[in-house]
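Novice: What follows is a structure written as structure tokens; I'll ask about it next.
The values are calculated or read from the model by the stated rules, or taken from the named source; none is laboratory data. Since this is a predicted model, take the numbers as computed values, not measurements. We place every Cβ from the backbone using ideal geometry, glycine too, and count neighbours over all the protein chains shown.
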Amino acid sequence: MPFSISKFVSAGAIAAVLIGALTSQAWAIAGVDFPLEDDLDFTEVQEMIDAGEYQKAISYLDYEVIEWYPENAEALTLKAYSLRSMGRHDEAMDTYNAALASDPTHKGALEYQGELFLKMGNQAAAAENLQKLSNLCPRGCEAHDILQAAIERFKDGEVSWVPPANRKQVGE
């Protein structure tokens with residue numbers, strides 16, 4: 001009997017669909033309603049961050065996302081941003097490093113880590129992140145422009161970054 005790859009692929013595809021359906025059904029039976037990683041929505045946590053509720057955002061990210069997806073670069077970046085906003089710079093740097101280890105092309109992580117480098121007085125490291133963003137965005141992008149502006153303000157001796165909750169106090 002001749003070997004038929006189409007029968008093999010069809011059987012494999014059917015098995016994958018059945019396993020996926022059974023897995024989804026198992027989650028539903030267990031009462032767990034948790035999205036797949038690609039379906040994560042960070043709107044709620046972004047609202048917490050915008051409101052200056054950084055510890056609440058960190059708790060949300062830790063228990064609702066990072067516990068299940070420990071290498072999710074977006075979740076790690078948002079957590080690091082919140083840590084940075086709270087002045088916990090070493091923890092923020094470790095978390096940015098984890099985000100970039102997971103996704104070295106994450107523009108937000110590169111921008112925000114660059115701003116943290118400036119806050120810590122390391123202009124050379126911020127410039128390295130700016131170069132990485134230049135390579136990722138040859139025609140420019142928001143992350144590149146924001147970090148570039150922060151570096152220019154740093155060179156002028158101005159504050160490079162202020163948490164959103166404190167911007168009214170410093171006139172931004």
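Novice: Residues to consider are Arg139, Arg153; find the one that is part of a loop (DSSP other than H, G, I, E, B) and either of a type in the set (A, V, I, L, M, F, W, C) or over 13 Å from the mean Cα position of the chain (by Cα) (or both).
Specialist: Numbers: Arg153 fails: part of a loop (DSSP other than H, G, I, E, B).
Criteria check complete, one pass: Arg139.
Novice: Within region 104-122, can you find the residues that are polar (S, T, N, Q) and within 19 Å of Asp90 (Cβ to Cβ)? Lay out the reasoning, then the answer.
Specialist: Filtering region 104-122 for residues polar (S, T, N, Q) gives 105, 113, 122.
Of everything in region 104-122, those that are polar (S, T, N, Q) and within 19 Å of Asp90 (Cβ to Cβ) turn out to be Gln113, Asn122.
Novice: Just one of the numbered conditions (1) touching a helix residue (DSSP H, G or I) at 6+ places or on another chain (Cβ under 9 Å); (2) over 21 Å from Lys79 (Cβ atoms); (3) not acidic (Asp, Glu) is not true of Ala149; which one?
Specialist: (1) is the only condition that Ala149 fails.
Novice: Name the residues in region 31-45 that are in a helix (DSSP H, G or I), surrounded by 13 or more Cβ atoms within 10 Å (Cβ to Cβ) and not acidic (Asp, Glu), would you? So that I can check it myself, show each step before the final result.
Specialist: If we filter region 31-45 for residues that are in a helix (DSSP H, G or I), which is where we start, we get 37-39, 43-45.
Add one more test, that the residue is surrounded by 13 or more Cβ atoms within 10 Å (Cβ to Cβ), and what stays is 37, 45.
Matches in region 31-45: Val45 only.
Novice: Is it the case that region 107-124 has a residue that's of a type outside the set (Phe, Trp, Tyr) and farther than 27 Å from Asp156 by Cα? Outline the logic, then answer.
Specialist: Residues of region 107-124 of a type outside the set (Phe, Trp, Tyr): 107-111, 113-116, 118-124.
Okay, now just the ones that are also farther than 27 Å from Asp156 by Cα, so none.
No; the residues of region 107-124 include none that is of a type outside the set (Phe, Trp, Tyr) and farther than 27 Å from Asp156 by Cα.
Novice: Exactly one of these conditions fails for Ala51: (1) at pLDDT below 90; (2) over 16 Å from the mean Cα position of the chain (by Cα). Give me its number.
Specialist: Checking Ala51 against (1) at pLDDT below 90; (2) over 16 Å from the mean Cα position of the chain (by Cα), the one that fails is (1).
This table checks each residue for (1) modelled with pLDDT under 95; (2) farther than 24 Å from Leu83 by Cβ; (3) touching a Gly at 6+ places or on another chain (Cβ under 7 Å); (4) surrounded by fewer than 15 Cβ atoms within 10 Å (Cβ to Cβ).
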position: Leu116; (1), (2), (3), (4): no, no, no, no
position: Ala124; (1), (2), (3), (4): no, no, no, yes
position: Lys132; (1), (2), (3), (4): no, no, no, no
position: Glu142; (1), (2), (3), (4): no, no, no, yes
position: Leu147; (1), (2), (3), (4): no, no, yes, no
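Novice: Scanning for something over 14 Å from the mean Cα position of the chain (by Cα), in the same structural domain as Asn129 (by TED's automatic domain parsing), part of a helix (DSSP H, G or I) and at pLDDT below 95, does region 64-83 turn up at least one residue? Steps first, answer last, please.
Specialist: Quick first cut of region 64-83, residues over 14 Å from the mean Cα position of the chain (by Cα) only: 64, 67-68.
Next, only the ones that are in the same structural domain as Asn129 (by TED's automatic domain parsing) stay: 64, 67-68.
Subsequent filtering for residues that are part of a helix (DSSP H, G or I) retains 64.
Subsequent filtering for residues that are at pLDDT below 95 retains 64.
For region 64-83, residues over 14 Å from the mean Cα position of the chain (by Cα), in the same structural domain as Asn129 (by TED's automatic domain parsing), part of a helix (DSSP H, G or I) and at pLDDT below 95: present.
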